[in-house]
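Please read the structure below before turning to the comments.
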Amino acid sequence: TAGAPTAWTSGYTGSGVGIAVIDSGIVDHQDFSGRIVYRESFVNYSTNRNWVQTDVYGHGTHVAGAILGSGAFSTTQASKVDLRGIAPGARLIAFRVLDDSGTGHDSDVIAAIDRAVALKASYNIRVMNLSLGRPVYGSYTTDPLCQAVERAWKAGIVVVVSAGNLGRDNSWGNLGYSTITAPGNDPYVITVGAMRDMGTATRSDDRVASYSSKGPTLIDHIVKPDLVAPGNVTVSTASTSAYLTTHYPGNWVPYSYYLVNGPSAASATYFKLSGTSMAAPIVSGAAALLIQKDPKATPDDIKARLMKTASKSFPTTSNATDPATGTVYTSQYDIFTVGAGYLDIAAALQCTDKAALSTRSPAVARDAAGNVSIVDSTSVVWGTTIVWGTTIVWGTNVFASGSSATLWGGSVVWGTTVGPATIVWGTTSPNATSAAWGAASTIASQNVLISGDR
């Protein structure tokens, strides 16, 4: 759906490109054989277990497979499906920052980001994937986590971040808007929302996942996500006996999924997960393909090419029904839901544009009449309709060139009408300053969604 096979047939597999995955750890899966070139754990334990080579939660291994799994385990003479990642030739740098329950601390994530920058030259780290997030507590200009990802970006590393899985939340009457999590709220990074591939290889029937978090960001009102990619019911590498695989055994992929006449028993090798955590690695893999083709490309070049060439053919709205509750969610395909569009790897590989200026995602502001417009015109990169097109907008107002173009005439939660620590989470947020991460936390459950849109 994302167009990766076109890159493979042209010889682009991400070969030689180092990708840092900052997550819950990565196990020695056969699909990574020989390509995990560095590991480090930033999670402290009092026992003697080898925490560097484990993934007790099971999230990081799945993310890594979507980026660069070789598909070696699924490829036999009896194969009917080749379960490879987007950049199967890339090299993996594994940083563990989340514990056994998928939670962690800002300080560990920041330490891993800075270590990746320090090791950039040693392992040719050109891409960094962060499929995690926590609530926005303040402006990105003062948030230490956002400042860390900016350091990586300015050091020449493409930073890809999941948008969050809060697009269904209407706790504050905002219909899931302004739910982008940090550090996806930083304007430098590429923030990725999730699409549903509807079980087909064609793009025409694909729809946005209703749980995918939407912009604009809290506090700074940055236009996010930057683009969307496949992220629903994603099949990828599994960490055996991990928290996710043992608690959700129904998500194991049977042998019959990828083997001709294979048994219906669980393979214990591949697993299904849904969420923007699964969409971000698709974009990270795509970035590696583009970098292999053009090693001199800067992070700004990569971001501009991915956004400019993203497919902008969407319906006006779509509905999704939660299979557990029967609740129907309606998604509107505006700039704060799908960004610049749907990742198209084949088109991006053909683009050779250079970003003469910064590709920081622009900010928006609301006037007295309630209309929202782009006000950050610091870069001519965003001064044209070619990036977002003229259809991915709110209501009847279309995006036109120029910084005063009206984008949005609606009235969702805006500005200081709610506090940054209470949005979505209400009074369930304990010890907000500790910034816990992951699915086990009541204040940040964005990094994996098990039963999303189907």
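The values are calculated or read from the model by the stated rules, or taken from the named source; none is laboratory data. All figures in this text were calculated on a predicted structure; none of them were measured in a lab. With ideal geometry, Cβ positions are generated from the backbone for all residues, glycine too; neighbour counts draw on all protein chains shown. We work out accessible area using only protein heavy atoms, side chains counted, and drop any ligands, DNA or RNA first. Shrake-Rupley method; radii C 1.70, N 1.55, O 1.52, S 1.80 Å.
Being surrounded by 19 or more Cβ atoms within 10 Å (Cβ to Cβ) and in contact with a strand residue (DSSP E or B) (Cβ under 9 Å, 6 or more places away or on another chain) is true of Ile180. One residue alone among Leu227, Leu244 is in contact (Cβ under 8 Å) with a residue 24 or more places away in the chain, touching a Gly at 6+ places or on another chain (Cβ under 9 Å) and closer than 17 Å to Val338 by Cβ, and that residue is Leu227. When segment 338-386 is filtered for residues that are of a type in the set (Gly, Ala, Ser), surrounded by fewer than 14 Cβ atoms within 10 Å (Cβ to Cβ) and modelled with pLDDT of 90 or more, nothing remains. Here segment 242-254 is the region considered, the condition is being surrounded by 15 or more Cβ atoms within 10 Å (Cβ to Cβ) and assigned to a helix (DSSP H, G or I), and the residue that is nearest to the chain's Cα centre (by Cα) is Leu244. Restricting attention to segment 301-328 and to residues that are in contact with a strand residue (DSSP E or B) (Cβ under 9 Å, 6 or more places away or on another chain) and in a helix (DSSP H, G or I), the residue that is farthest from Gly339 (Cα to Cα) turns out to be Ile302. For segment 16-30, a residue qualifies if it is within 20 Å of His62 (Cα to Cα), in a loop (DSSP other than H, G, I, E, B) and at pLDDT 95 or above, and exactly one does: Val17.
Say whether the condition of being within 15 Å of the chain's Cα centre (by Cα) and under 17 Å from Tyr342 (Cβ atoms) is met by at least one residue in segment 255-273.
Let us first name the residues in segment 255-273 that are within 15 Å of the chain's Cα centre (by Cα), namely 273.
Now narrow it down to the ones that are under 17 Å from Tyr342 (Cβ atoms): none.
No, segment 255-273 has no match at all.
Here Pro5 fulfils each of the conditions (1) in contact with a helix residue (DSSP H, G or I) (Cβ under 7 Å, 6 or more places away or on another chain); (2) open to solvent by 40 Å² or more (accessible area, probe 1.4 Å); (3) within 19 Å of Gln292 (Cα to Cα) apart from (1).
Taking residues in segment 280-309 that are more than 10 Å from Ile86 (Cα to Cα) and open to solvent by less than 10 Å² (accessible area, probe 1.4 Å), and partners anywhere that are basic (Lys, Arg) and not in a helix (DSSP H, G or I), the pairs with Cβ atoms closer than 7 Å and at least 6 places apart or on different chains are Ile291/Arg126; Asp301/Lys354.
Any idea which residue in segment 127-178 is nearest to the chain's Cα centre (by Cα), counting only those that are under 18 Å from Val117 (Cβ atoms) and assigned to a strand (DSSP E or B)? Among residues in segment 127-178 that are under 18 Å from Val117 (Cβ atoms) and assigned to a strand (DSSP E or B), the one nearest to the chain's Cα centre (by Cα) is Val161.
What do you reckon, is Arg366 among the basic types (Lys, Arg) and either under 14 Å from Leu227 (Cβ atoms) or more than 24 Å from the chain's Cα centre (by Cα) (or both)? Show your work before the answer.
On the way: among the basic types (Lys, Arg): yes; either under 14 Å from Leu227 (Cβ atoms) or more than 24 Å from the chain's Cα centre (by Cα) (or both): yes.
In short, yes.
Reported count of residues in segment 57-87, each being buried (at least 23 other Cβ atoms within 10 Å of the Cβ), touching a helix residue (DSSP H, G or I) at 6+ places or on another chain (Cβ under 8 Å) and among the β-branched types (Val, Ile, Thr), is 3.
With the requirement that a residue be polar (S, T, N, Q), crowded, with 24+ Cβ neighbours inside 10 Å and modelled with pLDDT under 95, what does segment 264-279 give you? Steps first, please.
In the first step, residues of segment 264-279 are kept if they are polar (S, T, N, Q); the result is 264, 267, 269, 274, 276-277.
Narrowing the set further to residues that are crowded, with 24+ Cβ neighbours inside 10 Å leaves 274, 276-277.
Ser274, the sole residue that qualifies.
Does Ser204 meet the test of being open to solvent by 10 Å² or more (accessible area, probe 1.4 Å), among the small types (Gly, Ala, Ser), in a loop (DSSP other than H, G, I, E, B) and under 20 Å from Ala279 (Cα atoms)? Talk me through it step by step, then tell me what you get.
Numbers: open to solvent by 10 Å² or more (accessible area, probe 1.4 Å): yes; among the small types (Gly, Ala, Ser): yes; in a loop (DSSP other than H, G, I, E, B): yes; under 20 Å from Ala279 (Cα atoms): yes.
When the stated conditions are applied, Ser204 passes them.
Listed here are the residues, each with its yes/no results for (1) at pLDDT 95 or above; (2) in contact with a helix residue (DSSP H, G or I) (Cβ under 6 Å, 6 or more places away or on another chain); (3) assigned to a loop (DSSP other than H, G, I, E, B); (4) crowded, with 24+ Cβ neighbours inside 10 Å.
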site	(1), (2), (3), (4)
Met195	yes, no, no, yes
Ser212	yes, yes, yes, yes
Val228	yes, yes, no, yes
Thr240	no, no, yes, no
